[in-house]
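Down below is the structure, laid out as structure tokens.
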Amino acid sequence: MYVHISANLTYNKDVASRLKRLIADNKLDPMECVTRHITRLSRALVARFDAEFAASGLTSHQFTILMTLARSGSLNVGELSHYVGMDQSTTTRALRPLQRDGLIKITAGDDRRQRIISATALAETKLANAYPRWVELQKTILKQLGNNEWESMMQSFRVIRKAIAPSAPAKA
């Protein structure tokens, strides 16, 4: 057992040494990783908004989906996915509990393969209950940031989304 642990420690030291060298060579510290910080922020925001929406019976993701449908009207899965920034399979999974709870209605589109999603009257009632909670938390966050900082952040988010968007395939 001692040999196994000792070998593991030697391996870890080697890995740590290689990582330190890579970090020094590239002058990029993984502790400052965009993904790391955005993920941490996202988790904290989702938890805080979920807590606010708990009394209305919605999660922050459900609020986003339902508010998108309420504001945009009926959408197909692809359109809804685009508006909420999720891939279609994730959106489809997120819709199941909303449909089960009577918050959305899914109907066939012109093409039977297409599904059209609409918010129900029950969803609008839940949104009306959750919206004031959203307003208060949104105002609290924006007050801490300041309007100029929020506008700057929104611009930065657009730049990041553009930077990581898949490039269009080259034309033959």
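Using the Karplus relation 6.51 cos²θ - 1.76 cosθ + 1.60 with θ = phi - 60°, the per-residue 3J(HN,Hα) values for the range 31-47 come to 5, 9, 4, 4, 4, 4, 6, 5, 5, 4, 5, 4, 4, 5, 5, 4, 4 Hz, with x marking Gly and Pro. Label positions at Leu122 and Ala51, each projected 7 Å from the Cα along the C-beta direction, are separated by 2.9 nm. Summing Lys and Arg as +1 and Asp and Glu as -1 over all other residues whose Cβ lies under 10 Å from the Cβ of Leu58 gives a net charge of -1. Using the Cβ-Cβ distance between Asn129 and Tyr83 with R0 set to 25 Å, the FRET efficiency works out to roughly 0.65. Note on the chain: Lys pairs 8 or more places apart or on different chains, Cα atoms under 29 Å apart, count 8. In sequence order, the range 123-134 has phi-based couplings of 4, 5, 5, 5, 5, 4, 6, 7, 4, x, 5, 4 Hz under the Karplus curve 6.51 cos²θ - 1.76 cosθ + 1.60, θ = phi - 60°, and Gly or Pro positions carry x.
Estimated at 0.36 nm per residue, the fully extended path between Glu151 and Ser72 surpasses their Cα-Cα distance by 26.1 nm. Extension gain, Arg158 to Val34: 0.36 nm times the residue separation minus the Cα-Cα distance gives 43.2 nm.
A protection proxy built from the mean count of other Cβ atoms within 10 Å ranks the segments 84-96, 151-163, most packed first, as 84-96, 151-163.
Computed from the coordinates by the stated procedures, all read-outs in this text should not be read as laboratory data. What you are looking at is a predicted structure, and each value in this text was computed from that prediction instead of being measured. All Cβ positions, glycine included, derive from the backbone under ideal geometry; neighbour counts span all protein chains shown.
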